[in-house]
Amino acid sequence: MSKIHAGKASYLPQRHQGLRNRGRTESLTAAGAELGVTSSAVSHQLKKLEDELGVSFFRRGNNTVSLTEVGRRFYQEVAPAIGLIERSADALYRDENEISVHATTSLALRWLIPSLDRFRALCPQVRVRVETSSARGFPAFPDSDVSIRYFRVGKAAEEWEYLAHDLRRPVVSPNLLARDTGSHVIAVSDVPALQCCVDNWDWKLWCDTFNISLTDLSFGHEFDTDDAALHACVAGLGMVLAPTVLTGRETKSGALVTLPGYQPVETGTYRYQRRSEARAVRQFCSWMDTEMRNLE
């Protein structure tokens, strides 16, 4: 391997980058678009890399290409290094007052973006580029200056700094409560529930806390993000076990109310990781910490 690095230094990084982009995008065409070359050029460089190392990174079929186990392992190992090189090179040319932030779609739409005007008032010279993905599709190696992600309670989160607790409680449209019951005492089983987490792990944790059987709940529609589920909740389709940090706007306006008689349950934490020590990045992270403390 040391011989390859010494003799082929001029093009090996590009081939590693092609593998990294191909592994992330699962498409030669998309990888080529990111690199600014054709898909055939990406394929050619990757084939050369395979020949150099004497391994097969891809299974090639009729119009299909997928990573082998060796290719997937190699991709996972080189991706952080290539990402670091890209970020370092980008920092040489990018305006020092521009930062990129990656967050889940729901957190970006419901907390980060609506709060950015306060960051702009604090640091008017800094421009923020927001990148989003669903919690289920959160990249293993996000390239942003700051990455914010969610960790379930009990999950390891080494190297991720604490941002906020995820406190969840059932919220519902007051119109749904009014037509479903005239009683002041409302049982959670009386209101249809909406699912927005895989296997309803959040509802299971919540039910265990209050000694309620999950089978007592009646589940209707299912959504892939908290944001989508909360829109359905406002429309009166059912109740959502929602993070308090994501529902401030609706609870303040009265569009959603908490189901009486149930306290919030901590189901996880929001954490962040910064990959730059630039002044603007440090200012942004400090601002985030302050914003979240003000919400508690």
Which one is farthest from Val171 (Cα to Cα) among residues in region 184-226 that are acidic (Asp, Glu) and crowded, with 18+ Cβ neighbours inside 10 Å?
Asp202
Of the conditions (1) modelled with pLDDT of 80 or more; (2) of a type in the set (D, E, K, R); (3) closer than 26 Å to Val146 by Cβ; (4) surrounded by 15 or more Cβ atoms within 10 Å (Cβ to Cβ), Glu77 clears all except one; give me its number.
(4)
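Considering only residues that are outside any helix (DSSP H, G or I) and crowded, with 16+ Cβ neighbours inside 10 Å, look in region 15-72 and name the one that is modelled with the lowest pLDDT.
Top of the filtered list is Val65.
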Inspect all residues belonging to region 207-215 and state whether any of them is in contact with a strand residue (DSSP E or B) (Cβ under 9 Å, 6 or more places away or on another chain), assigned to a loop (DSSP other than H, G, I, E, B) and under 26 Å from Ser115 (Cβ atoms).
no
Residues in region 153-163: is at least one basic (Lys, Arg), at pLDDT below 90 and exposed (fewer than 15 other Cβ atoms within 10 Å of the Cβ)?
yes
Please enumerate the residues belonging to region 224-272 that are small (Gly, Ala, Ser) and either over 23 Å from the mean Cα position of the chain (by Cα) or outside the structural domain of Val191 (by TED's automatic domain parsing) (or both).
Ala235, Gly236, Gly238, Ser253, Gly254, Ala255, Gly261
Here are some conditions: (1) part of a helix (DSSP H, G or I); (2) in contact with a helix residue (DSSP H, G or I) (Cβ under 6 Å, 6 or more places away or on another chain). Lys252 meets all but one. Which one does it not meet?
(2)
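The values are calculated or read from the model by the stated rules, or taken from the named source; none is laboratory data. Bear in mind the structure is a predicted one, so any value in this text is a computation, not a measurement. No Cβ is skipped: glycine too gets one built from the backbone with ideal geometry, and neighbour counts run over all protein chains shown.
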